[in-house]
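**Student:** Dropping the structure in here first, questions after.
Just so it is clear, none of the values below were taken in a lab; they were calculated from the coordinates. These numbers come from a predicted model, not from an experiment. Because the Cβ atoms are built from the backbone with ideal geometry, glycine has one as well, and the counts that use them run over all protein chains shown.
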Amino acid sequence: MIAATMAPALRRLALAGGGTAGHVYPAASIAKGAADHLIWLGRDVGMERELAAALGIEFAPIAAGAVLGRGPVDLLRSALLNARGIIQARSILRRVRPNALLATGGYVSFPAVIAAWSLRIPTVIYLPDVKPGLAVRVLSRFATRMACTTAESRRFLPADRVVVTGYPIRGDLRDWADRPNRRTDARAELGIGDEPVVVVMGGSLGAQAVNEAIWANLDTLIASARVIHITGARGAERAEIIAQGLADRDRGRYQWHAFVTDQLGPILAAADLFVGRAGASILGELPPFGLPGLVIPGSFAAGHQNANAEYFARAGAGWTFTGALPERGRELTERVLAVVGDRKALAAAGDAARALDLPEAAARIRTLLSDISRGRTT
């Protein structure tokens, strides 16, 4: 294992989380400075392996499967994977002897949390979404504490274990969000003038329905706004073809990326409106920037995105679009242009989004981990 870069509260911390950015990046944000030594339990095929390597954190692969299967065969396969993963996680945790385990979601959290509980290792589960899925609801019985992005999650979980911490965003995003002149600075860095900017994101795994809806109506969109489109890997080839097919005068108004890392801060700071799926990142990454969203909940993940979208819209921080895509892409485009053209509504939604921000979330969760490792649970 490797040394963390800041003054640590723990000697050893185990992490478990993976699959999507919403599970992986919060773990990385919390881990920074949390312990002298870190180890990340994840799936071999997950994006967590790559991130752990980039951060210099020891990675330990374990097996994991969905808690719910689509049929008897899937259910049996997942049960066998999780049983194997529990055995593997127990072996790793007995070797490492961490002071605590932090689980941030994804399949891998299930065997890791059960293994930690069996070894009496105190555990914090971080829930980025408003509504927990079945796995998290089951695991909440084995966790010492549940750290949640929002107080809305209390109604789904054991109330005596819930601590509202906020969403731990990356440090570079927080730096950009806290700049007094972030919009001006970001637009200067990106070469953008005083024009409406719409950022479209489908999530870390991409959302082809959203991508297709945007591409089918791109001419209409870029006539009134600059579009920064983060497509995901599956949309990269098509985006390149479409960008090359635009007239010379329009190419500067459509900028696409398969992924963004270092540039995400200035992109969010420069944008007037976010359009995309209602993953947990909308609860964490939009509020610090006061960025309103037109969010499109996916029908997958047991309704998690519906709950996120409803919470965001109910707070006045944005709007939801529930039409089928790409079939109703024209209707989505009309909504986008109507919102972008209403500066008063944008400003009000931006203020409401900013009000949802809870800074220092990562520090709160690190303190929680330190407390439970010392037996303090009040």
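**Student:** Would you list Tyr126, Tyr311 from fewest to most Cβ contacts within 10 Å?
**Tutor:** In increasing order of surrounding Cβ atoms, one gets Tyr311, Tyr126.
**Student:** Also: Write down the percent of antiparallel bridges among all DSSP beta bridges whose residues are both part of the chain, to the nearest 5.
**Tutor:** Roughly 5 percent of the beta bridges in the chain run antiparallel, per DSSP.
**Student:** Report, in degrees rounded to the nearest 10, the 0 to 90 angle that the Cα long axis of helix 236-245 makes with the longest principal axis of the chain.
**Tutor:** Tilt of helix 236-245: around 10 degrees.
**Student:** Taking R0 as 30 Å, what FRET efficiency do you get between Arg70 and Ser91 from their Cβ-Cβ distance, rounded to the nearest 0.05?
**Tutor:** Computed FRET efficiency for Arg70 and Ser91 comes out at 0.50.
**Student:** Right, here's the next one. Using amide H atoms built 1.01 Å from N in the peptide plane, name the residues 5+ places from Thr320, or on other chains, whose amide H lies under 5 Å from its own.
**Tutor:** Sorted by chain and number, the residues that satisfy this are Val295.
**Student:** Here's another thing I want to ask about it. Using only Cα atoms, tell me the angle between helix 361-373 and the longest principal axis of the chain; keep it within 0 to 90° and round to the nearest 10.
**Tutor:** It works out to around 10 degrees.
**Student:** For a quick check of your reading of the filter: which trypsin sites (Lys or Arg not before Pro) in segment 312-356 sit in a DSSP loop and have no more than 16 other Cβ atoms within 10 Å?
**Tutor:** Arg328
**Student:** As an exercise, use a Förster radius of 41 Å and the Cβ-Cβ distance of Ala83 and Glu195 to find the FRET efficiency, rounded to the nearest 0.05.
**Tutor:** Approximately 0.15, to the nearest 0.05.
**Student:** How do 38-49, 181-192, 145-156 rank on mean C-beta neighbours within 10 Å, highest first?
**Tutor:** 38-49, 145-156, 181-192
**Student:** In terms of the Cα gyration tensor, with a ≥ b ≥ c the square roots of its eigenvalues, is segment 172-355 rounded because a/c is under 1.5, prolate because a/b exceeds b/c, or oblate?
**Tutor:** Rounded, because the longest to shortest axis ratio a/c is under 1.5.
**Student:** For Leu119 and Glu334 in one chain, what is 0.36 nm times their gap in residues minus the Cα-Cα distance, to one decimal in nm?
**Tutor:** Residue separation times 0.36 nm, minus the Cα-Cα distance, leaves 71.9 nm.
**Student:** Nearest 10 degrees is fine. How inclined is helix 109-118 to the longest principal axis of the chain, computing both from alpha carbons?
**Tutor:** Relative to the chain, helix 109-118 is tipped by roughly 20 degrees.
**Student:** Kindly rank 131-139, 319-327, 23-31 from highest to lowest mean number of other beta carbons found within 10 Å of each residue.
**Tutor:** Descending mean neighbour count gives 23-31, 131-139, 319-327.
**Student:** So if I take the centroid of the Cα atoms in segment 135-162 and the same for segment 300-337, what is the distance between those two points in Å?
**Tutor:** 26 Å
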